[in-house]
2 protein chains.
Amino acid sequence: MSSASSTKQRILEIARELFARQGYTGTSIADIARELGTTTAALYYHFPSKADILRGLLAEPLVAYNRILGSLRSRHPSATELLGAFIDLTADSRELAVMIERDPAVLKLITDQLPDSSESINQQVIEVLAGPEADRAAIIRAHAAFAVVKTATLAVLSPHQESADDVKLDPADRAEILAAALRALRP
Amino acid sequence: MSSASSTKQRILEIARELFARQGYTGTSIADIARELGTTTAALYYHFPSKADILRGLLAEPLVAYNRILGSLRSRHPSATELLGAFIDLTADSRELAVMIERDPAVLKLITDQLPDSSESINQQVIEVLAGPEADRAAIIRAHAAFAVVKTATLAVLSPHQESADDVKLDPADRAEILAAALRALRP
DNA sequence: GTCTATACCCGGATAGAC
DNA sequence: GTCTATCCGGGTATAGAC
């Protein structure tokens, strides 16, 4: 309760859930309106477009993501730190993570309006994981480790689909994922 | 040259490329027709629907996938064999692999008409990888290993997007991916 | 086998009353 | 803030001539 225009919040919650289940493109404004118990026109009082609903959902995790990217340049995080940070980021915004992975339209919307380079966003992370004298094998291992943190985290959490809010990642699970990723990274 | 109604084949090639780039939902019949140099009506002479074009593309890799699943029951393949088989399958049908991962509509079309159980298809693979006395940690490691073979294989091949046909997976790369997956799998 | 023309539907979005 | 009604565009698909 409290904070901000409650229907706006409800719309975002509904959208997050539907987008995660059916994808952004696969969800219509009418779907959201139905779940909300109103008509599509009512939605447009709160949001000027469907894309803006998406932006409303993405804003927060996107700054988190950029914070991680920023830390790559200022300090030099260890692989453990970096992979751990991505596990947490994925866990915190798992509905959005699946959505971004799955919907080309969403990916486009993100890269189009990103402060950062439009170029493949993960590339920088891979380079840091691979290290400075990265030969081809090292890059492959970096991809492998990154794949583990992203996919395994989602796999562990996906069973608890109901009750969208704060499904916590078990610390033991987190440790197991991180360990697997680090093994994949180091020969 | 030779084999079968050439325009039908050209349509399939074009569709495979466009579907991979823009997704199945993101590609219109008009897109395919334009690339083909004809109109949408002409397409419908060769295929009764857009979904049938997709089915035409999926048929072959789908039997390969089912062959692997079948081998799970008859013999007991080692983790190395199993993971290796998935690397090869992913490499051979990478355009389709991305498509399936990315488009919910495609996934639905597959599961709807699958001979096998409609239930999550990868589940069985995970169970085999995790082994018989699978505790939670073992299942996580199985997810990790599976994520590596799927994602890393695609990552290695994606740079060569042009010239869709037979981009071969370098044996050294394959070995590196497999090794990383096995390390993720075993504590 | 390919064309023009068109039917049909669905999704996003707007106008204007209440 | 929400409604009814409607526009518009794009997408799949069909009819029928050539």
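The values are calculated or read from the model by the stated rules, or taken from the named source; none is laboratory data. This structure is a prediction, so every number in the text was calculated from the model and none was measured. Glycine gets a Cβ as well: all are built from the backbone with ideal geometry, and neighbour counts include every protein chain shown.
Couple of notes before you dig in:
- In region A:3-21, the residues that are within 11 Å of DNA strand D (Cβ to nearest atom) and in contact with a Ser or Thr (Cβ under 9 Å, 6 or more places away or on another chain): A:Thr7, A:Gln9
- Residue match in region B:55-70 (condition: free of Cβ contacts under 8 Å to residues at least 40 places away in the same chain, of a type in the set (D, E, K, R) and within 22 Å of A:Pro104 (Cβ to Cβ)): no
- Taking each residue of region A:165-187 that is facing chain B (nearest Cβ under 7 Å) and over 18 Å from B:Val149 (Cβ atoms) and looking for partners that are at pLDDT 95 or above and surrounded by fewer than 19 Cβ atoms within 10 Å (Cβ to Cβ) with beta-carbon atoms closer than 6 Å, six or more apart or interchain, yields A:Glu176/B:Ala137.
- Selected residue (only one of B:Tyr45, B:Tyr24 is closer than 20 Å to A:Thr25 by Cβ and either within 13 Å of DNA strand D (Cβ to nearest atom) or charged (D, E, K, R) (or both)): B:Tyr24
- Answer residue from region A:88-111, given it is more than 10 Å from chain B (Cβ to nearest Cβ) and of a type in the set (Asp, Glu) and is farthest from the chain's Cα centre (by Cα) among those: A:Asp88
- Within the option set A:Val98, A:Val106, being more than 27 Å from A:Arg183 (Cα to Cα) and more than 15 Å from DNA strand D (Cβ to nearest atom) holds for one residue only, A:Val106.
- Residue within region A:49-71 that is more than 16 Å from the chain's Cα centre (by Cα) and not in a helix (DSSP H, G or I) present: yes
- Apart from one condition, B:Leu58 fits all of (1) within 14 Å of DNA strand D (Cβ to nearest atom); (2) away from chain A (no Cβ under 14 Å); the exception is (1).
- Checked against (1) at pLDDT below 95; (2) within 16 Å of DNA strand D (Cβ to nearest atom), A:Lys50 passes all but a single condition, namely (1).
- A:Ile121 passes every criterion in (1) at pLDDT 85 or above; (2) hydrophobic (A, V, I, L, M, F, W, C); (3) over 22 Å from B:Ile140 (Cα atoms) apart from (1).
- When restricted to residues that are away from chain B (no Cβ under 14 Å) and more than 6 Å from DNA strand C (Cβ to nearest atom), region A:19-47 contains 13.
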